[in-house]
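In what follows, a structure is listed as structure tokens, so that the remarks can point back to it.
The values are calculated or read from the model by the stated rules, or taken from the named source; none is laboratory data. This is a predicted model, so every value here is computed, not measured. Please note: Cβ atoms are built from the backbone with ideal geometry, for glycine as well, and neighbour counts cover all protein chains shown.
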Amino acid sequence: MNIIERAQQFVESKLGSAKRTGQDWRRCPWCEQTQTRKHGVYMRYPWTLEGRQEVRVQRHWCLLCKRSYSEKSAELVEKGRYARDVRRKAVDDWQHQGGSLRRIAELLRSEMGRQECWLIWHAPAKRPEGSEDCYLGASSVHRWLDGIGREAQKTIKGQLEGIANSGRVGVDGLWARLRGGVERVVLVVTDSLTGLVYPPVVVEGEKSASSWGKLFGRAGVAGLDLQALRGITSDGAHGLSAYLREGLNWVNQQRCILHV
């Protein structure tokens with residue numbers, strides 16, 4: 001199952017949860033029988049983009065398998081203090097707008113708790129009565145991103161199988177200085193037509209052919225058909241040129257400043 005199919009499956013599961021009625025929730029998820037009864041409720045108080053909410057969760061008891069279960073919400077994360085819309089916006093802000101995790105957390109806090117920057121955005125409006133202070137921190141945003149990365153890392157193999165590629169890609173490297181003065185470079189390859197980004201690699205430098213071999217090796221594992229590759233747009237990295245001569249000598253290379 002590739003990454004597109006998994007995304008479709010995830011969305012369909014959430015849409016299915018949102019459409020479930022009270023009658024549907026009578027079916028036990030453990031034994032698939034409908035001989036159940038209501039078994040009390042409990043309250044949850046998640047943070048959403050609209051502020052802190054009070055959610056009543058219905059529990060059920062199966063008379064056959066003697067097990068209990070709770071109704072699930074497509075909008076809430078199980079055992080999570082922050083709802084799915086907050087997490088999704090945090091990820092999108094980090095991925096598409098950039099900025100530090102501390103700044104992203106500050107802006108989300110402001111929006112949810114009607115505090116901090118919100119008071120500047122809506123000056124001279126006063127904070128709504130009954131608004132609670134939100135204490136979302138950068139560590140929480142980091143934990144969400146780290147969890148997403150760990151899940152994605154488990155499925156690198158085959159995650160892009162069956163997804164068409166144009167045979168024309170762009171490659172580049174991004175240098176970063178780490179703690180202690182250590183420098184590393186992130187190499188990435190993208191489909192020039194569709195914009196599809198294949199899994200990147202982190203290497204010590206881009207001057208060796210082996211570094212670029214790792215990049216294309218990982219892209220191949222993820223689903224890039226190297227035999228169907230016909231053109232690469234890049235800068236003048238010597239390591240890339242050496243790798244193309246050794247491993248992809250049938251591919252045409254085009255030099256360009258704006259190559260990704």
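So the values come out like this:
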{"read-out": "Boolean, Gly181 is at positive phi, outside the structural domain of Ala237 (by TED's automatic domain parsing), modelled with pLDDT under 90 and over 19 Å from the mean Cα position of the chain (by Cα)", "value": "no"}
{"read-out": "Test: residue in the stretch 231-250 that is touching a strand residue (DSSP E or B) at 6+ places or on another chain (Cβ under 7 Å) and loosely packed, with under 12 Cβ neighbours inside 10 Å", "value": "yes"}
{"read-out": "Test set (1) within 19 Å of the chain's Cα centre (by Cα); (2) without any contact (Cβ under 8 Å) to a residue 40 or more places away in the chain; (3) within 28 Å of Gln9 (Cβ to Cβ); (4) not in a strand (DSSP E or B) - Val189 fails condition number", "value": "(4)"}
{"read-out": "Residue ID - farthest from the chain's Cα centre (by Cα), chosen from residues in the stretch 65-90 that are modelled with pLDDT of 95 or more and among the aliphatic types (A, V, I, L, M)", "value": "Ala83"}
{"read-out": "Unique residue being in a helix (DSSP H, G or I) and closer than 30 Å to Arg81 by Cα when the list is Gly147, Gly213", "value": "Gly147"}
{"read-out": "Unmet criterion (only one of (1) among the small types (Gly, Ala, Ser); (2) part of a strand (DSSP E or B); (3) touching a Leu at 6+ places or on another chain (Cβ under 7 Å)) for Ala176", "value": "(3)"}
{"read-out": "In the stretch 120-144, residue modelled with the lowest pLDDT [restricted to those that are outside any helix (DSSP H, G or I) and among the hydroxyl-bearing types (Ser, Thr, Tyr)]", "value": "Ser131"}
{"read-out": "Top-ranked residue in the stretch 119-168 [being closer than 23 Å to Glu5 by Cβ and among the polar types (S, T, N, Q); ranked as farthest from the chain's Cα centre (by Cα)]", "value": "Ser166"}
